[in-house]
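First comes the structure, then the notes that go with it.
None of the figures in this text is laboratory data; all of them are computed from the coordinates on show. These numbers come from a predicted model, not from an experiment. Glycine also receives a Cβ, built like all others from the backbone with ideal geometry; neighbour counts cover every protein chain displayed.
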Amino acid sequence: MTPPEIFGRAARRLRRDRIAGRFGEHDFLRAAMLDGLDERLSAVRRRFADVLEVGCFDGGWAPPAGARVARTDAGFRFARAGGGVQAEEDRLPFADASFDLVVSAGVLDQVNDLPGALLLARRVLRPDGLFLAAFVGGDSLPALRRALRAADPDRPAPRLHPLVDVRSAGDLLTRAGFALPVADVEGLNVRYAGLGRLLDDLRGSGSGNVLRARRPLTRGALARAADAFAAEAAPDGRTTERFEFLFLTGWAPGPDQPRPAARGSGRTSLADALRRFPVGG
């Protein structure tokens, strides 16, 4: 069954090309995700020879020492800046078992077929290859969501992307065939002087609205949203916004990975245990 097209593919490619020249001014969200991925990668004691970065932005992520790296991005200008190829995350152009590490930061929240993208990531990994990803999810942007509801109380329009929660992310890893799947969440609070600065960061970081059914805010609705956002400000005039990053870790199945014991393989019966440790007086 073909998944629904929630995001406009052409609009997303165009938006990424538009922000490529100023991405460095708004890259703090991706930088936080990359820090988390690098921390997780540093705990893995093995060598990676061939690495794929899915969603490379400006190519600023440094792969493990000595590794060959291939990069993709949905935007042409980002792909060129990273020395990679233009490709969407659910349409990777690589052969199966081409890499032993796949890394992705800041893009999987805008993929039409996220289960398919995870399946492709697993397929391009060699046996016992590692997948690491991070993207915005969970309960992100609560202040903005409240402000937008106040802007259009009678006929709300889709203006923010649907977000994946941590439990669903873990389920998706399992469905994609990853072994030893782990999904966890980390948060980041950012204080804004006004709604305009938050929207500018979202657009400049590649997190702006690319829904197919998007509709621009009218001038009046934007003013109401700005007022609602400002109403939540602290005494210093700044409103706190919350970003939550989902971190995904999974391994391509391999022959040497630990596996849970088969059901019924335990050697101690409950009856024996009760005889050894009687209950009651």
Note: among 44, 54, just one is β-branched (Val, Ile, Thr) and buried (at least 21 other Cβ atoms within 10 Å of the Cβ), namely 54
Among residues of segment 172-198 being closer than 16 Å to residue 145 by Cβ and not in a strand (DSSP E or B), the residue farthest from the chain's Cα centre (by Cα) is 195
Matching residues in segment 1-42 (within 21 Å of residue 121 (Cα to Cα) and part of a loop (DSSP other than H, G, I, E, B)) number 6
Residues of segment 1-13 being surrounded by fewer than 17 Cβ atoms within 10 Å (Cβ to Cβ), aliphatic (A, V, I, L, M) and touching a residue at least 40 places away in the same chain (Cβ under 8 Å), in sequence order, are 11
The residue that is surrounded by the most Cβ atoms within 10 Å (Cβ to Cβ), considering only those in segment 114-138 that are in a loop (DSSP other than H, G, I, E, B) and within 13 Å of the chain's Cα centre (by Cα), is 137
Only one of (1) under 19 Å from the mean Cα position of the chain (by Cα); (2) without any contact (Cβ under 8 Å) to a residue 12 or more places away in the chain does not apply to residue 201, and that is (2)
Of the residues in segment 95-106, those that are hydrophobic (A, V, I, L, M, F, W, C) and either under 27 Å from residue 39 (Cα atoms) or without any contact (Cβ under 8 Å) to a residue 12 or more places away in the chain (or both) come to 97, 99, 101, 102, 103, 105
